[in-house]
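The structure under discussion appears below in the form of structure tokens.
Every number here is computed from the coordinates shown, using simple stated rules; none is lab data. Computed from a predicted structure; not experimentally measured. Every residue, glycine among them, receives a Cβ derived from its backbone with ideal geometry; neighbour counts consider all protein chains shown.
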Amino acid sequence: MSESIMISIEKLNKSFGDLHVLKDIDFTVKESDVVCLIGASGSGKSTLLRCLNFLELKDSGTITLEGEVIEKDSHDLNEIRQRVGMVFQHFHLFPHKTVIQNIMEAPMQVKKLSKKEAEEQALVLLDKVGLSDKKDVYPSKLSGGQKQRVAIARALAMKPDVMLFDEPTSALDPELVGEVLATMKELAEEGMTMIVVTHEMGFAREVADWAVYMHDGKIVEVGHPEELFNHPKEERTKSFLDSVL
Ligand code: ADP
Ligand code: MG
């Protein structure tokens, strides 16, 4: 595994009005690492991911991407968002576009790829997520698992350096969770750097290099998944794990 740092944050703080959601978060992810972020609802996991791809702007602290400190005043945040892909719980596909159009849209609009280049790339990605036969279908005709695999392909079309997943399987029927996790596992095996908010402990054990437990806007404990799940050091981690395992 490479030792180079992909993304690191230092003393990150974020509030919504009086609500202090992220409290002095420090966090480092090396290239090709897969990190699973766990914690109770409301602990700040989504806000942390959203700060990492600048959907939310931090109040203070430092975000460093591939050695470069990123600030809204000195960087084009759209360019940064291309480097940090995100997959959401509720897919967010364009309903009026077909599967392949969903994947071609941003590369054509943002990266100025030609239609032909965007289409060739989309076909490769559809093959990768196992949906070549659905390319001309509208999202409403897909299962949740298929929608999420299209969303993953769409994020990959921007050739991100890091992928963030915010509870990618939480909205799926149980029988559809596996196909999405399998796609994510493949991506991890190809060396993609990934930060995944998930309660899929099996996935975390099998795929993640690190598990991070967040509580009330702070990182309470970090460890290898097996170690953190089986031998949590902190009392709060223990009680959270007891509630979900
Ligand atoms: P998690 O993903 O761990 O469930 P979130 O990051 O979504 O937690 O939310 C953390 C806290 O911040 C919650 O109390 C939530 O209500 C609040 N919050 C999140 N986004 C906003 C927002 N845009 N405006 C106000 N409060 C928000
Ligand atoms: Mg969340």
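Listed values for segment 74-89 are Karplus-derived 3J(HN,Hα) couplings in whole Hz (6.51 cos²θ - 1.76 cosθ + 1.60, θ = phi - 60°), namely 10, 10, 7, 5, 5, 5, 5, 5, 5, 7, 10, x, 9, 10, 9, 4, and x replaces Gly and Pro. Judged by the mean number of other Cβ atoms found within 10 Å, the most tightly packed of the peptides 33-46, 121-134, 61-74, 142-155 leads the ranking 142-155, 33-46, 121-134, 61-74. Enumerate the residues in segment 143-161 having an amide nitrogen under 16 Å from the point lying 7 Å beyond the Cα of Glu117 toward its Cβ. Flagged as within label range: 157-160.
Proximity of backbone amide H atoms, modeled 1.01 Å from N, is registered between Gln89 and Asp166 at under 5 Å, excluding neighbours fewer than 5 places apart on the same chain. Look at where the Cα atoms of segment 15-51 and of segment 200-221 average out, and the two centres are 11 Å apart.
Taking amide H positions as modeled 1.01 Å from N, with prolines and chain starts lacking one, the residues under 5 Å from Val137 and 5 or more places away or on another chain are Val99, Ile100. The HN-Hα couplings worked out from phi for segment 8-17 by the Karplus form 6.51 cos²θ - 1.76 cosθ + 1.60 (θ = phi - 60°) are 9, 10, 9, 6, 6, 10, 8, 10, 10, x Hz, whole numbers, x standing for Gly and Pro.
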